[in-house]
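Asker: Questions regarding the structure given below will be posed in turn.
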Amino acid sequence: LYDGAKRALAELHFSSRFRETQIAYASRTHQKKDALRAFEWFELSARDSVEDLHDDYTEASSVTMADVARYVEIRSGSKQQHFRNLHKASGIAYEDMLFLDNERWNISEVSALGVCSVYCPRGLVDEGVSLGDHSEWERALVEYEAVAIKKRTRQRRR
């Protein structure tokens, strides 16, 4: 698990900023059992978060990747079908979803549904991030928030 992914998941789970956020995993594999087992192996804590949450949580405040996901879509097939299934299960509109991936063709497929999709060519890594730069996770949030602002503006004009 990349450090950046670990930080992003910890922040989504522990930060009050994302209290209403629902996390889903979409993975294309024939090894569903193994993938689900791996989600149990990776632990996250408030200390992993980007935000300074250290005083709000004890060391005992840790969860696994499996604990933080409300929806899991693991199967062979297209990412577009993964997101159709996630949409159906969650009721969340495509335009309210954020998808990060290191494969351009997955980004293209999922974007066609209206999902805000962010290409992270090296995965969710923090390597090479210097002061003033954004990690892949932070860049994705900026893109998603920009889309959300445009959506609210369009709704107000109606």
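Asker: I need the full set of residues from the range 72-111 which are hydroxyl-bearing (Ser, Thr, Tyr) and either more than 20 Å from Phe39 (Cβ to Cβ) or crowded, with 16+ Cβ neighbours inside 10 Å (or both), in order please.
Answerer: Ser78, Tyr94, Ser108, Ser111, listed by residue number.
Asker: Give me the residue from the range 20-46 that is under 18 Å from the mean Cα position of the chain (by Cα) and charged (D, E, K, R) and, out of that set, modelled with the highest pLDDT.
Answerer: Looking at residues that are under 18 Å from the mean Cα position of the chain (by Cα) and charged (D, E, K, R), I get Glu40.
Asker: Let me ask another. Count, please, the residues in the range 1-19 that happen to be free of Cβ contacts under 8 Å to residues at least 12 places away in the same chain and more than 13 Å from the chain's Cα centre (by Cα).
Answerer: Qualifying residue count for the region: 2.
Asker: Of the conditions (1) at pLDDT 90 or above; (2) open to solvent by less than 60 Å² (accessible area, probe 1.4 Å); (3) in contact with a Phe, Trp or Tyr (Cβ under 9 Å, 6 or more places away or on another chain), Asp67 clears all except one; give me its number.
Answerer: Evaluating Asp67 over (1) at pLDDT 90 or above; (2) open to solvent by less than 60 Å² (accessible area, probe 1.4 Å); (3) in contact with a Phe, Trp or Tyr (Cβ under 9 Å, 6 or more places away or on another chain) leaves (2) as the failure.
Asker: Sticking with this structure for a sec: Under 9 Å between Cβ atoms, which residue pairs at least 6 apart in sequence (or on different chains) link something in the range 65-76 that is aromatic (Phe, Trp, Tyr) with a partner that is in a helix (DSSP H, G or I) and surrounded by 15 or more Cβ atoms within 10 Å (Cβ to Cβ)?
Answerer: Note: pairs meeting the criteria are Tyr71/Asn85; Tyr71/Leu86.
Asker: Also: Can you go through Ser61, Ser130 and tell me which one is closer than 22 Å to Thr21 by Cα and either at pLDDT below 90 or open to solvent by 60 Å² or more (accessible area, probe 1.4 Å) (or both)?
Answerer: Selected residue: Ser61, the only one of Ser61, Ser130 that is closer than 22 Å to Thr21 by Cα and either at pLDDT below 90 or open to solvent by 60 Å² or more (accessible area, probe 1.4 Å) (or both).
Asker: Right, here's the next one. Can you pull out every residue in the range 4-19 that is closer than 21 Å to Arg122 by Cα, of a type in the set (A, V, I, L, M, F, W, C) and buried (at least 22 other Cβ atoms within 10 Å of the Cβ)?
Answerer: Answer for the range 4-19, where residues must be closer than 21 Å to Arg122 by Cα, of a type in the set (A, V, I, L, M, F, W, C) and buried (at least 22 other Cβ atoms within 10 Å of the Cβ): Ala8, Leu9, Ala10.
Asker: Let me ask something additional. Quickly run through the range 1-30 and pick out the residues that are more than 20 Å from His82 (Cα to Cα) and part of a loop (DSSP other than H, G, I, E, B).
Answerer: Matches in the range 1-30: Leu1, Tyr2, Ser15, Arg19, Glu20.
The values are calculated or read from the model by the stated rules, or taken from the named source; none is laboratory data. Since the structure is predicted, the reported quantities are computational estimates derived from the model, not experimental observations. Note that we place each Cβ from the backbone using ideal geometry, even for glycine, and neighbour counts take in every protein chain shown. Keep in mind that these areas ignore ligands, DNA and RNA; they rest on the heavy atoms of the full protein, side chains included. Shrake-Rupley method; radii C 1.70, N 1.55, O 1.52, S 1.80 Å.
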